1. Return 62, 42 ranked ascending by Cβ neighbour count within 10 Å, so the fewest neighbours appear first.
2. If each residue's Cβ is checked for other Cβ atoms within 10 Å, how do 68, 77 rank with the fewest at the top?
3. Using only Cα atoms, tell me the angle between helix 27-46 and the longest principal axis of the chain; keep it within 0 to 90° and round to the nearest 10.
4. Calculate, in nm to one decimal, what residue 75 and residue 87 gain on full extension: separation in residues at 0.36 nm each, minus their alpha carbon distance.
5. To the nearest 10 degrees, how steeply does helix 2-19 sit against the main Cα axis of the chain, on a 0 to 90 scale?
6. Normalised by the number of residues in the range 2-147, what is the relative contact order in percent for Cα pairs under 8 Å and 6+ residues apart?
7. Give the angle, between 0 and 90 degrees and rounded to the nearest 10, that separates the Cα long axis of helix 73-87 from the longest principal axis of the Cα atoms of the chain.
8. Where does the Debye-calculated log10 I(q)/I(0) of the range 34-107 sit at q = 0.19, 0.25 Å⁻¹, using only Cα point scatterers of equal weight, no solvent?
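Read the figures in this text as sums done on the coordinates, not as results from a lab. Here the structure is a predicted model, which is why all the values come from computation and not from measurement. Cβ sites come from the backbone with ideal geometry, for glycine too, and all protein chains shown count toward neighbours.
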């Protein structure tokens, strides 16, 4: 059932993003999102999962490649900490935004994130992220999902 919900969510977000092409995010939204992506790069390399988790809303949902989803910023941070314990800190990390569009209080962003770990393990994951504008004008991750290869 969780997988079905994940696919429905992915489909909805992809459909929404496709319908809104051409609405370029404002410069202020883009700057905050770029800083959030940099927080992922820096946090992955430093082993600082709090830095990464701070980019998520309290009610965020983060979904992995297999469709498993984690709800809430605290649970997302715990999951990231478990991954850190398994993989260690990244030797290198990068985020490449392939596209983004803004609709109301949301920015939909898609691209690819990659990290290489000291044990030689390399992760390359395509993603679709919905950023939501906060009452203070900042942007945080509301929904994030890895797009599976198949």
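1. Values: 62 23, 42 14.
In increasing order of surrounding Cβ atoms, one gets 42, 62.
2. Details: 68 13, 77 19.
So the residues, fewest neighbours to most, are 68, 77.
3. The angle comes out near 10 degrees.
4. Values: separation 12, 0.36 × 12 = 4.32 nm, distance 1.83 nm.
My answer for the length gained is 2.5 nm.
5. It is inclined by approximately 50 degrees.
6. Details: 267 pairs, mean separation 36.8, N = 146.
For the range 2-147, the relative contact order is 25 percent.
7. For 73-87 against the chain, the angle is about 40 degrees.
8. Debye intensities relative to I(0), on a log10 scale: -0.90, -1.32.
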